[in-house]
Amino acid sequence: MTIYRSRSLLPVLALLLSCLAWGARAESIFAEGAWSRATPGQARNGAVFMTLHNRGAEDDTLLGADAGPLATSVEIHTHAHEDNIMKMKAVDTLALPAGTTVTLMPGGLHIMLMGLRAPLHEGQSFTMTLTMQKAGTITIPVVVHALGAPASVSQGHRPEQHVH
Ligand SMILES: [Cu+2]
C-alpha cells in the first residue's frame, strides 16, 4: 500500500514541478488576456489577440505559434496600407525587446489561425503555444468571445466613452 501511495504521488509532483518551471519562465516573458472571436460557420480563419510582455533584460522574438488540431497552420499577421486599403500581411517574426509590451488587437497585429477545422464558439477556450527565440515554448489559454467582441474585451471592460 505504501508503494502504491508513493507512486500515485509522482504525477502530482511532476505537475507541481512543471508549474514551478512555467512560473519561473512566466516572470520575464508572458502573454496576458489571450482571446479570440467566435467564427461564423463557414469562416476558414480565426484571429487571436493578446498582450505580450517582456519583463526580462534580454530581447526576445516571437517566432511562431501553434494551435494543435484547431487550425491547419498559424501565422503572425499585421495590418498594412496597400493601395489605400488596410490589408492583413503575414510577418515572419515579431520582436519583443526587453522591457516592452506588445499588444495584438483587432486592426493591428494578431495571430491568424489558418484553415480552422471547426468553428470557434463563444465561451470555448483552447490552448495555444507560442515559440519564443530565447524563452522557448510558452503555453497559453485562449478564451473565445462573441463574434462582434470589441478590441477592449481583453481588458475586461466595455469600451469607454471618451468625451472631449
Ligand atoms: Cu490575419
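Rule-based calculations on the coordinates, nothing more; no lab input. Model, not experiment: these values are computed from the prediction. Positions of Cβ are generated from backbone atoms using ideal geometry, with glycine treated the same way; all protein chains shown enter the neighbour counts.
In this rough spin-label picture, where each label sits 7 Å from Cα along the Cβ direction, the Thr103-Ala57 distance is 2.9 nm.
Across the range 28-148 the C-alpha pair distances fall into 5 Å bins from zero in the proportions 2, 12, 21, 25, 19, 12, 6, 2, 0 percent. Estimated from the Cβ-Cβ distance and a Förster radius of 30 angstrom, the FRET efficiency linking Thr137 and Asn84 is about 0.15. Applied to the range 141-146, the Karplus parametrisation 6.51 cos²θ - 1.76 cosθ + 1.60 on θ = phi - 60° returns per-residue 3J(HN,Hα) values of x, 10, 9, 9, 9, 4 Hz, with x for Gly and Pro.
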